[in-house]
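Working notes for the structure below.
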């Protein structure tokens, strides 16, 4: 704990952003050897991270809600002076990442297995997301139609709530249903393509006969988004491992 506390203190000292400093208006906010990070770079990294984390909730948010959430979260970060915290975490991760590569940790068998597992999950999730984009098109009439057919599901205190009051909830339900349909269709197509058969009797399930697997979504990486006490969405100040190198500018 002592070493990490000391590292955090040193990073905070070196990366503290002074509002009166000319660099705080768009100049260089940090340097890692020959790599320079400007405030614009940092803001772009933060925005990209917010978008990535919000994408985990994309299925439950309409495009308008997604934009509103993104704006609110970025406003919170920038107005509350949290750039220094994000910069410190970015640099800490980048330094640890660089040192790990120098130590050839990426060549260790346990690390390679972990990276392969993460790679598989991310690619599977991204492929399914791309199929959602191609196959799911929700228009206002879809929401109205679902609402009219399921009005009893939207009762409160014995009264049906008006559509405008529940349209976000309706969107989430319709979106979820469409995603399940796409998952099933995609899994059926891929099972045919790759000739998949599951032998249930060999699994000890008692089924006794072989059967094709049912469609299901791949298990993607855990989201960094968490619900806060106010019911909103909170983000962790987390950045991709090579963000500083990719976004930085060489002297």
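I need the full set of residues from segment 90-110 which are within 19 Å of residue 53 (Cβ to Cβ) and surrounded by fewer than 11 Cβ atoms within 10 Å (Cβ to Cβ), in order please.
Across segment 90-110, there are no qualifying residues.
Per-residue answers, yes or no, for (1) assigned to a helix (DSSP H, G or I); (2) surrounded by 15 or more Cβ atoms within 10 Å (Cβ to Cβ); (3) over 16 Å from the mean Cα position of the chain (by Cα):
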residue	(1), (2), (3)
50	yes, yes, no
54	yes, yes, no
64	yes, no, yes
69	yes, yes, no
74	yes, yes, no
78	yes, no, yes
88	yes, yes, yes
112	yes, no, yes
116	yes, no, yes
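Can you tell me which of 18, 8 is at pLDDT below 85 and either part of a loop (DSSP other than H, G, I, E, B) or surrounded by 18 or more Cβ atoms within 10 Å (Cβ to Cβ) (or both)?
Answer to the check: 18.
Show the residue pairs that are 6+ apart or on different chains and have beta-carbon atoms under 9 Å apart, the first residue being within segment 175-199 and without any contact (Cβ under 8 Å) to a residue 12 or more places away in the chain and on the phi < 0 side of the Ramachandran plot, the second being surrounded by 13 or more Cβ atoms within 10 Å (Cβ to Cβ) and assigned to a helix (DSSP H, G or I).
That search, which allows pairs on different chains as well, returns 177/146; 181/135.
Spot the failing condition for residue 193; the list is (1) surrounded by 13 or more Cβ atoms within 10 Å (Cβ to Cβ); (2) modelled with pLDDT of 95 or more; (3) farther than 30 Å from residue 97 by Cβ, and only one is missed.
It fails just one condition, (1).
When you check residue 142 against the structure, is it assigned to a helix (DSSP H, G or I), within 18 Å of residue 174 (Cβ to Cβ) and over 23 Å from the mean Cα position of the chain (by Cα), yes or no?
In short, yes.
All but one of (1) loosely packed, with under 13 Cβ neighbours inside 10 Å; (2) out of contact with any strand residue (DSSP E or B) (no Cβ under 9 Å at 6 or more places or on another chain) hold for residue 131; which doesn't?
(1)
The values are calculated or read from the model by the stated rules, or taken from the named source; none is laboratory data. Quick caveat: nothing in here was measured; it's all calculated off a predicted structure. Glycine gets a Cβ as well: all are built from the backbone with ideal geometry, and neighbour counts include every protein chain shown.
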